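Undergrad: For reference, the structure I am asking about is given below.
Only the coordinates and a few stated rules stand behind these numbers; no lab work does. Because the structure is a prediction, the values reported are computed rather than measured. Positions of Cβ are backbone-derived with ideal geometry, glycine not excepted, and every protein chain shown enters the neighbour counts.
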Amino acid sequence: MEILKKRLREFARERDWEQYHSPKNLAMALSVEVAEIVELFQWLSEEESKTLGADKRAELEEEIGDVLIYLVNLADKFEIDPLHAAMEKLEKNAKKYPAQTVKGKSLKYTEYEKP
Ligand SMILES: [Mg+2]
């Protein structure tokens, strides 16, 4: 993660693109890249979405790269470590959705009966 963050800073600095990398712009670019992933799956059936062809898989890989780039850039603006943030959120989710309560169910946490 540190290597990627450093490389992204260099990439922007070498091109004088930091001026365009406001948090607002990065959040918007991130959203666009996520939409490009969604577009790859648009109109596919459930089954088709599980078995992308080689071309679409290659496109998905590129878009996942784009998403991570903008996500890391945005997190960097606020000195947030995305891996730490994800691990913390996973811990919160584990408490919100105890495995023994939610196993095999997809309800929102507010919809489960309190023990
Ligand atoms: Mg893209």
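Undergrad: Within the chain, which whole H helices from DSSP have a Cα span along their axis of at least 30 Å and a mean Kyte-Doolittle hydropathy of 1.0 or more, if any?
TA: none
Undergrad: What are the lysines whose alpha-carbon lies under 18 Å from the alpha-carbon of K89, with same-chain residues fewer than 8 places away excluded?
TA: Cα-Cα hits under 18 Å: K108.
Undergrad: Rounded, prolate or oblate: pick one for the range 50-95, where a ≥ b ≥ c are the square roots of the eigenvalues of its C-alpha gyration tensor, a/c under 1.5 means rounded, and failing that, prolate if a/b is larger than b/c, else oblate.
TA: It is oblate, given that a/c is not under 1.5 and a/b is not larger than b/c.
Undergrad: Just name one of S106, M1, F11: the one whose Cα is farthest towards the positive end of the charge dipole of the chain (beta-carbon charges, Lys/Arg +1, Asp/Glu -1).
TA: Most positive-ward Cα: S106.
Undergrad: What is the range 1-48 by shape, rounded, prolate or oblate, if you read a ≥ b ≥ c off the alpha carbon gyration tensor as root eigenvalues and call it rounded for a/c under 1.5, prolate for a/b larger than b/c, and oblate otherwise?
TA: On the way: a/c = 3.77, a/b = 2.21, b/c = 1.71.
Cα axes put the range 1-48 in the prolate bin.
Undergrad: When all C-alpha to C-alpha distances in the range 5-115 are sorted into bins of 10 Å, what percent of pairs does each bin hold, rounded to whole numbers?
TA: It works out to 12, 28, 29, 25, 6, 1, in whole percents.
Undergrad: Here's another thing I want to ask about it. Taking +1 at the Cβ of each Lys and Arg and -1 at the Cβ of each Asp and Glu, which of S22, L71, A86 sits farthest along the dipole of the chain towards its positive end, judged by Cα position relative to the Cα centre?
TA: Of the options given, the answer is A86.
Undergrad: With a cap of 14 neighbouring Cβ atoms within 10 Å, and only residues DSSP puts in a loop, list the chymotrypsin sites (Phe, Trp or Tyr not before Pro) found in the range 1-89.
TA: On the way: sites: F11, W17, Y20, F41, W43, Y70, F78; in loops: W17, W43, F78.
Loop-located and lightly packed - W17, W43, F78.
Undergrad: For the range 7-115, which GluC sites (Glu not before Pro) are both in a DSSP coil and crowded by at most 16 other Cβ atoms within 10 Å? Let's see the in-between values first.
TA: Details: sites: E10, E14, E18, E33, E36, E39, E46, E47, E48, E59, E61, E62, E63, E79, E88, E91, E111, E113; in loops: E79, E113.
Taking the range 7-115 and a limit of 16 other Cβ atoms within 10 Å, the loop GluC sites (Glu not before Pro) found are E79, E113.
Undergrad: For the range 1-90, what's the relative contact order in percent, using C-alpha pairs closer than 8 Å and at least 6 residues apart? Before the final figure, lay out the partial values.
TA: Working: 37 pairs, mean separation 37.2, N = 90.
Across the range 1-90, relative contact order equals 41 percent.
Undergrad: Quick one: what are the phi-derived ³J(HN,Hα) couplings along the range 108-113, Karplus 6.51/-1.76/1.60 with θ = phi - 60°, whole Hz, x for glycine and proline?
TA: Those phi angles translate into 6, 4, 6, 8, 8, 5 Hz.
Undergrad: Between beta-carbons, use under 15 Å as the cut-off and find the net charge around E88, counting Lys and Arg +1, Asp and Glu -1. Kindly include the intermediate steps, with their values, before the conclusion.
TA: Details: positive: K89, K92, K95, K96; negative: E79, D81, E91.
Spelling it out: positives minus negatives among the neighbours equals +1.
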